[in-house]
Every structure is written in structure tokens, then in C-alpha cells.
Amino acid sequence: MAGIHFQFEDFKQLLRLNIGIADRLDENRAESFTVLYCDFGELEDETIKKALSKILRTSDTIANHNGDYFFVLPYTDKYGAEIVKNLFDNNFEKYLNSFLISYPADGEDANEIVEVLQNSVKHFCKKDLDYLDVLK
């Protein structure tokens with residue numbers, strides 16, 4: 001399967017890892033990685049697995065909580081992440097509730113990225129991601 005799946009409990013650590021790599025390798029501090037949130041809540045697990053294997057790169061990482069999926073796409077700006085999102089929409093033949101945030105443009109550390117993601121998804125997607133508060 002393309003994309004590496006991590007335990008949801010490790011999502012903030014995954015963000016910290018990507019921030020560390022970006023800071024080490026990306027001196028111009030461009031959009032070093034983008035987090036793509038997608039609501040796959042109404043889709044079957046097998047359908048999701050097939051789509052992930054077709055669409056994601058081996059360098060992309062995934063964490064999910066029930067039907068909420070969080071993709072960390074390294075060296076991908078929002079434009080590139082939007083392409084990935086559109087591939088999901090086309091694959092599932094439906095528009096998915098989603099949101100994109102990039103490091104460092106939308107947050108300087110893992111806590112700030114999660115906070116911006118929560119607030120944005122709540123405002124634009126009308127969905128609470130309050131369960132992200134328990135992550136360390």
C-alpha cells in the first residue's frame with residue numbers, strides 16, 4: 001500500500017517529525033508539507049484502502065480516527081495537496097469534506113497546526129475535531 005499508516009495517537013509526533021525534517025532540509029521555509037484532512041466517514045474500509053494504494057506516494061503518511069483521515073504530504077504545497085484531494089473525490093465519485101493546512105504558513109509547531117486544523121474544520125466543514133485535544 002502506498003502511504004504509511006500510523007496510529008492516530010502518534011499524529012502529533014508525526015507532525016513533529018515532519019517539522020524536524022523540513023527545518024533540517026528546507027532552508028527557504030517554503031510550504032514544506034501539507035496536512036490534508038478528509039472525512040471518509042461514509043465510505044467502506046476496503047474502498048478506502050484501495051483508494052489509498054492508488055493515490056498516495058510511499059512518502060505520504062496517514063493517521064485516522066474513525067472516518068476522519070489525516071494525510072501528511074511531505075514536499076507538497078496546498079496546490080499539490082488539492083490535486084490529491086481531487087483524486088479522492090474522483091475515485092469515490094463524490095465531493096469529500098476536507099481541509100488543507102501547510103507548514104510553516106499555517107502553523108509553526110505541531111500544537112499550532114492541530115489548533116488551526118481544528119478551528120478551520122469546525123468553521124468550514126462544520127465538524128468538531130475536539131478529540132485531537134487528547135494528543136500529546
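Here, each number is a calculation from the coordinates, and none is a lab measurement. As the structure is a prediction and not an experimental result, all values here were calculated from the model. Heads up, the Cβs are rebuilt from the backbone with ideal geometry, glycines too, and the neighbour counts pull from every protein chain shown.
Quick check: anything in the range 38-47 among the β-branched types (Val, Ile, Thr) and either crowded, with 16+ Cβ neighbours inside 10 Å or within 12 Å of the chain's Cα centre (by Cα) (or both)?
Scanning the range 38-47 turns up no residue that is among the β-branched types (Val, Ile, Thr) and either crowded, with 16+ Cβ neighbours inside 10 Å or within 12 Å of the chain's Cα centre (by Cα) (or both).
Every residue, every condition in (1) farther than 22 Å from Ser32 by Cβ; (2) in contact with a Cys (Cβ under 6 Å, 6 or more places away or on another chain); (3) not acidic (Asp, Glu), yes or no:
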{"residue": "Ser98", "(1), (2), (3)": "no, yes, yes"}
{"residue": "Asp106", "(1), (2), (3)": "no, no, no"}
{"residue": "Asp109", "(1), (2), (3)": "no, no, no"}
{"residue": "Gln118", "(1), (2), (3)": "no, no, yes"}
{"residue": "Tyr131", "(1), (2), (3)": "yes, no, yes"}
{"residue": "Lys136", "(1), (2), (3)": "yes, no, yes"}
